[in-house]
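To start, the structure under review is shown below, and the notes come after it.
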Amino acid sequence: MAEPKVKYDRQLRIWGEQGQAALEKSSICLLNCGPTGSETLKNLVLGGIGSITVVDGSKVEVGDLGNNFLVDESSVGQSKAKCVSSFLQELNDSVKAKFVEEYPEALIETNPSFFSQFTLVIATQLVESSMIKLDRICREANVILIFARSYGLTGFVRISLKEHTVIESKPEHFLDDLRLNNPWLELKSFADSIDLTVQDPVAHKHIPYVVILVKMADEWAKSHGGKLPSTREQKKEFKDLLKARMVSQDEDNYKEAIEASFKVFAPRGISLDLQRILNDSSSEVDSNSSDFWVLVAALKEFIANEGGGEAPLEGSIPDMTSSTEQYINLQNIYLAKAEADFLVMEQLVRSILKKIGRDSNSIPKATIRSFCKNARKLRVCRYRSIEDEFNSPNIPELQRYLTDEDSSIAVGIYILLRAVDRFAANYNSFPGQFDSATDEDMPRLKSAAISLLSDLGCNGAALAEDLINEMCRFGAAELHAVAALVGGIASQEVIKLITRQFVPMSGTYIFNGIDHKSQLLSL
């Protein structure tokens, strides 16, 4: 068997060993293993998820061979759950695969406690009434839930859990933590020890841009009442001052300083996003608080006291033109400050844990360290229950989507995906499922959609006729190409949720395969 570290080499570079360990510890339940479910699970099995349980009560039919790679001719007439789980097992022998031959709807009704054994449940192709019941069950048991559905050329993905907190949000663009506009004592002293007017051209060319900017920002503030450049004119003037200090045209360090001068203009202190997390009522911790909120409570104290309005320093510096000696000195100053901040944070965390009656060592050093490094990038995601969204959506948003050219199709698909479930509850089949009834199904689906809209408080809103006709034409078919895309999106979100890295999507994801577009709706 391949050594796991080698086996998962590529993904380890993305989510690291901690992320991989979280995946390998998790157990996932899939409801319905048609193409959407099979595609979602295939991606996770290849990624090394711990164990999977496939729940499906149907038998493999000839029609399944055309849209599901995880069944073949020899499977016809056999349990779909059994065939799919054994095919998945073949993809990765270190994953434990089990199956339950039962219809998910029946399991939701008769055995709700079944779901509490899992880390996460992926529910595919469920109708609205089952979605609402399952969501209640999973929230009660604190199990993460993801809904995914493919319907003709359209698809839907929605995450549901009370709260998801992320320390390693890994944003693509984020200002590095250099504190050029708010240097601490050691950084300031180091900058003061270097002379910008040094005569030696080689030395002048190798002063790191961090030093240049700290000194120039200080100089500027002294002559501008302690304030840094804020208007466009001032920023230009500041850059001109930097240019004027260049002795020759090929001084890369000064070019870097001019390019990085926006880091001086950034506001001091913490962002509004972080302030919002610090102000959250969950930061008032007690013995039931999660580790994340205990760390936030410590961070709040740190910023108010030792941090002087700033979060713990991250401690890394980018590459820059510099003499080796000055670069190493600078690196050490940043590392020492980050370490000192971490030690203060560690003490705060330990004393808060003690105060709330928990073991003061229950949060490991590595977690506190990672929290300090990422303190400026924390994220908290909260999701409304499906029942809330379905019964009392955000009406102003809904009306805006319905009248907005860019989102009217996406919200139309959303409404129609719910209308087809109402239709099925009334007529025991989905619109267009039987060719003979397609003509009468179109007006029936339209009236189901109109009554749904009026129940949601959007009287008089209309959906495009051709979209209603398309929905009928789909006849509830699961197309493999759409299922592969929807399953890909769903599995990517599962990985974010389990590894607690990157930020999972908020709202309801709608895929529109008619126009090759997708959109997130906040309802």
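The values are calculated or read from the model by the stated rules, or taken from the named source; none is laboratory data. All figures in this text were calculated on a predicted structure; none of them were measured in a lab. A quick note on method: Cβ atoms are made from the backbone with ideal geometry, for glycine too, and the neighbour counts reach across all protein chains shown. With ligands, DNA and RNA removed, areas are computed over all heavy atoms of the protein, side chains included. Shrake-Rupley method; radii C 1.70, N 1.55, O 1.52, S 1.80 Å.
Does THR154 satisfy the condition of being more than 19 Å from CYS29 (Cβ to Cβ), touching a Gly at 6+ places or on another chain (Cβ under 9 Å), in contact (Cβ under 8 Å) with a residue 24 or more places away in the chain and open to solvent by less than 20 Å² (accessible area, probe 1.4 Å)?
Values: more than 19 Å from CYS29 (Cβ to Cβ): yes; touching a Gly at 6+ places or on another chain (Cβ under 9 Å): yes; in contact (Cβ under 8 Å) with a residue 24 or more places away in the chain: yes; open to solvent by less than 20 Å² (accessible area, probe 1.4 Å): yes.
Yes; evaluated as a whole, the condition is true for this residue.
Got a number for residues in the stretch 227-252 being open to solvent by less than 60 Å² (accessible area, probe 1.4 Å) and not in a loop (DSSP other than H, G, I, E, B)?
Of the residues in that region, 3 qualify.
Of everything in the stretch 490-516, what is within 18 Å of SER407 (Cβ to Cβ) and either over 11 Å from the mean Cα position of the chain (by Cα) or without any contact (Cβ under 8 Å) to a residue 40 or more places away in the chain (or both)? Give them in sequence order. Can you show your working first?
So the first thing to find is which residues in the stretch 490-516 are within 18 Å of SER407 (Cβ to Cβ), and the list is 505-516.
GLY507, THR508, TYR509, ILE510, PHE511, ASN512, GLY513, ILE514, ASP515, HIS516 - these are the residues of the stretch 490-516 that are within 18 Å of SER407 (Cβ to Cβ) and either over 11 Å from the mean Cα position of the chain (by Cα) or without any contact (Cβ under 8 Å) to a residue 40 or more places away in the chain (or both).
If a residue has to be small (Gly, Ala, Ser) and within 17 Å of ILE489 (Cβ to Cβ) to count, how many in the stretch 122-151 make the cut?
Here is the first cut: in the stretch 122-151, the ones small (Gly, Ala, Ser) are 123, 129-130, 141, 148, 150.
Filter once more, keeping what is within 17 Å of ILE489 (Cβ to Cβ): 123, 148, 150.
Qualifying residue count, the stretch 122-151: 3.
Among the numbered criteria (1) over 30 Å from the mean Cα position of the chain (by Cα); (2) assigned to a loop (DSSP other than H, G, I, E, B); (3) closer than 20 Å to LEU213 by Cβ, which single criterion is violated by ASP359?
(3)
If I ask for residues that are of a type in the set (D, E, K, R), over 25 Å from ILE137 (Cβ atoms) and open to solvent by 50 Å² or more (accessible area, probe 1.4 Å), which ones from the stretch 363-419 would you list? Working first, answer last.
So in the stretch 363-419, the residues of a type in the set (D, E, K, R) come out as 365, 369, 373, 376-377, 379, 382, 384, 387-389, 397, 400, 404-406, 418.
Those still in the list that are over 25 Å from ILE137 (Cβ atoms) too: 365, 369, 373, 376-377, 379, 397, 400, 404-406.
Answer for the stretch 363-419, where residues must be of a type in the set (D, E, K, R), over 25 Å from ILE137 (Cβ atoms) and open to solvent by 50 Å² or more (accessible area, probe 1.4 Å): LYS365, ARG369, LYS373, ARG376, ARG379, ARG400, ASP404, GLU405, ASP406.
Does at least one position in the stretch 323-342 carry a residue that is basic (Lys, Arg), in a helix (DSSP H, G or I), in contact with an Asp or Glu (Cβ under 7 Å, 6 or more places away or on another chain) and surrounded by 15 or more Cβ atoms within 10 Å (Cβ to Cβ)?
Yes: one or more hits.
I'm told VAL60 meets every condition in (1) of a type in the set (A, V, I, L, M); (2) within 25 Å of VAL157 (Cβ to Cβ); (3) buried (at least 22 other Cβ atoms within 10 Å of the Cβ) except one. Can you identify the failing condition by its number?
Evaluating VAL60 over (1) of a type in the set (A, V, I, L, M); (2) within 25 Å of VAL157 (Cβ to Cβ); (3) buried (at least 22 other Cβ atoms within 10 Å of the Cβ) leaves (2) as the failure.
Can you spot a residue in the stretch 459-479 that is without any contact (Cβ under 8 Å) to a residue 24 or more places away in the chain and either surrounded by 19 or more Cβ atoms within 10 Å (Cβ to Cβ) or assigned to a helix (DSSP H, G or I) (or both)?
Yes, because at least one residue in the stretch 459-479 is without any contact (Cβ under 8 Å) to a residue 24 or more places away in the chain and either surrounded by 19 or more Cβ atoms within 10 Å (Cβ to Cβ) or assigned to a helix (DSSP H, G or I) (or both).
What pairs come up if the first residue lies in the stretch 214-236 and is at pLDDT below 95, the second is of a type in the set (Lys, Arg), and their beta carbons are under 6 Å apart, counting only those six or more places apart or on different chains?
Partner pairs satisfying both residue conditions: PRO229/LYS235.
Could you please let me know if ASP176 is surrounded by fewer than 20 Cβ atoms within 10 Å (Cβ to Cβ), more than 23 Å from the chain's Cα centre (by Cα), at pLDDT below 95 and not aromatic (Phe, Trp, Tyr)? Give the derivation first.
Details: surrounded by fewer than 20 Cβ atoms within 10 Å (Cβ to Cβ): yes; more than 23 Å from the chain's Cα centre (by Cα): no; at pLDDT below 95: yes; not aromatic (Phe, Trp, Tyr): yes.
No.
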